[in-house]
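Notes follow once the structure below has been shown.
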Amino acid sequence: MRRAVPARSAGSRPVRIRLILLAVVLAVGASVIVVALTPRTSSVTGVVIAVDAVSLTDVRSFTLRVEGGKTLVFSLAVLESGVAFPPGHLAEHMGSAEPIVVTYRDDGGTLKALRISDVPVPSGG
């Protein structure tokens with residue numbers, strides 16, 4: 001005895017395709033929004049010329065002179081590398097004029113230092 005196989009409705013396949021396309025469009029749209037809202041970071045190398053600090057452990061900001069003589073003032077409010085590069089170490093760099101690399105985010109005109117590191121010394125060879 002054969003079982004009757006229910007007939008597919010003629011409209012079920014286009015509905016499925018539309019749902020898949022809608023899901024794809026929503027996923028792409030969400031990805032674009034996430035990328036657009038993700039803060040962009042930049043890096044710059046320069047020499048510390050001023051440090052605004054209450055003490056070696058309470059550094060508020062510093063000024064960096066970059067290539068071409070331009071100066072940039074960085075806030076340390078969101079510094080992620082405070083253990084690897086203690087903020088008080090900036091004063092040593094100011095005294096020695098050894099350059100540093102600053103990775104930062106421009107937050108409405110306020111440059112917020114995220115990471116600070118020594119400039120890598122080129123290997124002799």
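No lab work stands behind these numbers, since they all come straight from the coordinates. A quick note: this is a predicted structure, and the numbers were derived from the prediction, not measured. Glycine also receives a Cβ, built like all others from the backbone with ideal geometry; neighbour counts cover every protein chain displayed.
Numerical summary
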quantity	calculated
From phi via Karplus (6.51, -1.76, 1.60), per-residue ³J(HN,Hα) for the stretch 47-61 in Hz, x at Gly/Pro	10, 6, 10, 7, 9, 9, 9, 8, 7, 5, 9, 10, 9, 8, 7
Residues whose placed amide H lies under 5 Å from that of ALA53, excluding near-sequence neighbours	ARG60
Inter-probe distance in nm under a simple model that places probes 7 Å from Cα toward Cβ, at ARG16 and ALA77	5.4 nm
